[in-house]
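Student: For reference, the structure I am asking about is given below.
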Amino acid sequence: MVFSPITGSNNITLLRTIKAEQLITSWQDSFEIDITKELNNQQNIYLYQCNETKLKFFAPSEIVGSGKLYEKLQNFNWYYMPSKWEHKIALQDLSRCENVLEIGSAFGDFVTSAINAGFNIKGIELNEAAIDIAQKKNLPVERLDLEEAVKLYRESLDGVCSFQVLEHVTNPKDFITWSIQMLKPGGKLIYCVPNSESFLKYQDNLLDMPPHHMLQWSKKSLIALEKLFPIKVEKIIYEPLAEYHIFSYLNAYNNYFRSVFPLTKLIFNRYSLPLYEKCLRLGLRRLLIGQSIYIQFRKI
C-alpha cells in the first residue's frame, strides 16, 4: 500500500501512471543519460496526490536518483546555476541571522554570497563531485547527512535554507523535521522549490519527474506544513518569469490551449509567438509567474 510521505496517511489519489520505458527513452534522447539502473527495475512509475496537503509525489520511492545521476547532470552548465533568483531574497531575509546552514550547497555559490555578505554560514551536500569543487574554492561545504547534521547543530542555528532541494527527497517529513530541529526557537526556515501550479503543469518536463524530482510542491502544499510542524509561514513569493524560461513558458501554454480550445491557433501561431517572445524579453515577463516558489517559515 502507498502512503503520503508527508502525513503517513493512505488518504491519497492516483493521478497518473508513467511507463518506465518511456522515461528511459526520453532521458536518453534529451540528455544522453541512461537512467535504467536509476529506476530499479520498476515497470511503472505512479504520481499520487496527498489529499490532506495537496502534495504530489511519485512512487515507488526506490526510483530516487543516485549520486551518479547528479554527477552527470552537473556537466550541463545550466544545472547548478551560480546565481539564483531566490538567493538575493534569502540574503535579505537572513540578514539578522548569525549562524546559518544551507542544505544542498552544490558548488557553494550561495555560501560564497553569504560569506561575502558577512554571514557565518556552512553548507552540507551529498554530491561528492560538487563537494570537491566547493572545497577546492576553500568553502565550508562538507558531505554530511541531514540526520547527522541535527546531532551537530541541534537548536543552535538562526537560519536554515535549502534551494531547489526539497523536491528531490523521498521522505520530506524527516527532511523538514530535521531542518526545524537545528533551529533555535524563532529561527528562520527557508525553502525554494519548483511551483507545480506554474507553467510546469502544462508540460512534461523530464527534470520535474523521477529519478530527478520525487515531489511536486504548490502554495497549498507548502502552507499545509504549518499544520504538521512547529512552524509559521511568514512570507511566500512567486518567482517572476526568468528570461531563460520564456521559450518553455510559451511552448507550455501554446500546447495546452491548442489541445483544449481548437480556436487557440488564432492566438498562438507562428506569427504571434515571436511577437509574444519579444514582448516578454523586453520586460513583460517580470509581471508573470515563473517556475519557482519561495517560502519563509519561523520556528514556533
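The values are calculated or read from the model by the stated rules, or taken from the named source; none is laboratory data. Note that the structure is a prediction, hence the values are computed from the model and not measured. Ideal geometry is used to build each Cβ from the backbone, glycine not excepted, and the neighbour counts take in all protein chains shown.
Student: Considering each of Arg285, Arg258 in turn, give the residue that is farther than 20 Å from Trp217 by Cα, at pLDDT 90 or above and basic (Lys, Arg).
Tutor: Exactly one residue qualifies, and that residue is Arg285.
Student: If you don't mind, another one. Return the only residue of Ser156, Ser196, Ser179 being closer than 17 Å to Gln216 by Cα and either of a type in the set (Lys, Arg) or touching a strand residue (DSSP E or B) at 6+ places or on another chain (Cβ under 7 Å) (or both).
Tutor: Working: Ser156 fails: closer than 17 Å to Gln216 by Cα; Ser179 fails: closer than 17 Å to Gln216 by Cα.
Just a single option satisfies the conditions, and that option is Ser196.
Student: Sticking with this one: Criterion first (in a strand (DSSP E or B) and farther than 20 Å from Leu225 by Cβ) does Glu148 satisfy it?
Tutor: Details: in a strand (DSSP E or B): no; farther than 20 Å from Leu225 by Cβ: yes.
Here the answer is no, as Glu148 does not meet what is asked.
Student: Suppose we filter segment 1-26 for residues that are in contact (Cβ under 8 Å) with a residue 24 or more places away in the chain and either over 25 Å from Asn171 (Cβ atoms) or touching a Ser or Thr at 6+ places or on another chain (Cβ under 9 Å) (or both); how many remain?
Tutor: Taking segment 1-26 and keeping what is in contact (Cβ under 8 Å) with a residue 24 or more places away in the chain, we get 2, 4-9, 11-20, 23, 26.
Those left that are additionally either over 25 Å from Asn171 (Cβ atoms) or touching a Ser or Thr at 6+ places or on another chain (Cβ under 9 Å) (or both): 4-7, 11-12, 19-20, 26.
Number of matching residues: 9.
Student: Here's a check for you: in segment 198-234, which residue that is among the charged types (D, E, K, R) and either within 13 Å of the chain's Cα centre (by Cα) or farther than 23 Å from Pro60 by Cα (or both) is surrounded by the fewest Cβ atoms within 10 Å (Cβ to Cβ)?
Tutor: Taking the candidates together, the pick is Lys227.
Student: Considering only residues of segment 183-204 that are part of a loop (DSSP other than H, G, I, E, B) and out of contact with any Gly (no Cβ under 9 Å at 6 or more places or on another chain), which is nearest to Thr7 (Cα to Cα)?
Tutor: Ranking the qualifying residues of segment 183-204, first place goes to Ser196.
Student: Consider only pairs whose beta carbons are under 9 Å apart and that are at least six residues apart or on different chains; among these, list those whose first residue lies in segment 281-292 and is surrounded by fewer than 13 Cβ atoms within 10 Å (Cβ to Cβ) and whose second residue is in a strand (DSSP E or B) and not aromatic (Phe, Trp, Tyr).
Tutor: Sorted first by the residue in segment 281-292, then by its partner, the pairs are Arg286/Pro240; Leu287/Pro240.
Student: Also: Just checking, which of Ala134, Ala129, Ala114, Ala90 is assigned to a helix (DSSP H, G or I), of a type in the set (A, V, I, L, M) and at pLDDT below 90? Lay out the reasoning, then the answer.
Tutor: Working: Ala134 fails: at pLDDT below 90; Ala114 fails: at pLDDT below 90; Ala90 fails: at pLDDT below 90.
The unique qualifying residue is Ala129.
Here is a yes/no grid of residues against (1) assigned to a helix (DSSP H, G or I); (2) surrounded by 15 or more Cβ atoms within 10 Å (Cβ to Cβ); (3) at pLDDT below 95; (4) among the aliphatic types (A, V, I, L, M):
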position: Ser9; (1), (2), (3), (4): no, no, no, no
position: Thr13; (1), (2), (3), (4): no, no, no, no
position: Trp27; (1), (2), (3), (4): yes, yes, no, no
position: Asp34; (1), (2), (3), (4): no, no, no, no
position: Glu38; (1), (2), (3), (4): yes, yes, no, no
position: Glu52; (1), (2), (3), (4): no, yes, no, no
position: Phe57; (1), (2), (3), (4): no, yes, no, no
position: Lys72; (1), (2), (3), (4): yes, yes, yes, no
position: Pro82; (1), (2), (3), (4): no, no, yes, no
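Student: Somewhere in segment 275-287, is a residue among the hydroxyl-bearing types (Ser, Thr, Tyr) and out of contact with any helix residue (DSSP H, G or I) (no Cβ under 7 Å at 6 or more places or on another chain)?
Tutor: No, segment 275-287 contains no residue that is among the hydroxyl-bearing types (Ser, Thr, Tyr) and out of contact with any helix residue (DSSP H, G or I) (no Cβ under 7 Å at 6 or more places or on another chain).
Student: For Phe107, state whether it is buried (at least 20 other Cβ atoms within 10 Å of the Cβ) and more than 22 Å from Lys188 (Cβ to Cβ).
Tutor: Yes; evaluated as a whole, the condition is true for this residue.
Student: Sticking with this one: Report whether or not Leu144 is hydrophobic (A, V, I, L, M, F, W, C) and either touching a His at 6+ places or on another chain (Cβ under 9 Å) or surrounded by 21 or more Cβ atoms within 10 Å (Cβ to Cβ) (or both).
Tutor: Numbers: hydrophobic (A, V, I, L, M, F, W, C): yes; either touching a His at 6+ places or on another chain (Cβ under 9 Å) or surrounded by 21 or more Cβ atoms within 10 Å (Cβ to Cβ) (or both): no.
Considered against the rule, which asks whether it is hydrophobic (A, V, I, L, M, F, W, C) and either touching a His at 6+ places or on another chain (Cβ under 9 Å) or surrounded by 21 or more Cβ atoms within 10 Å (Cβ to Cβ) (or both), Leu144 comes out as no.
Student: Which residues, taken from segment 166-182, are over 23 Å from Val2 (Cβ atoms) and in contact with a helix residue (DSSP H, G or I) (Cβ under 9 Å, 6 or more places away or on another chain)?
Tutor: Listed by number, the residues that qualify are Trp178, Ser179, Gln181, Met182.
Student: To continue, here is another question. Is it the case, given these coordinates, that Ser196 is of a type outside the set (D, E, K, R) and closer than 21 Å to Trp78 by Cβ? Steps first, please.
Tutor: Numbers: of a type outside the set (D, E, K, R): yes; closer than 21 Å to Trp78 by Cβ: yes.
The answer is yes for Ser196.
Student: Sort out which residues of segment 237-256 are closer than 13 Å to Glu277 by Cβ and aliphatic (A, V, I, L, M), and write them in order of number.
Tutor: Leu241, Ile246, Leu250
Student: Follow-up question, since we're still on this one. Could we say that Leu47 is within 17 Å of Leu206 (Cβ to Cβ) and assigned to a strand (DSSP E or B) here?
Tutor: Yes: the conditions hold for Leu47.
Student: Okay, moving on. Can you spot a residue in segment 257-269 that is in contact (Cβ under 8 Å) with a residue 24 or more places away in the chain and either of a type in the set (Ser, Thr, Tyr) or within 30 Å of Met182 (Cβ to Cβ) (or both)?
Tutor: no
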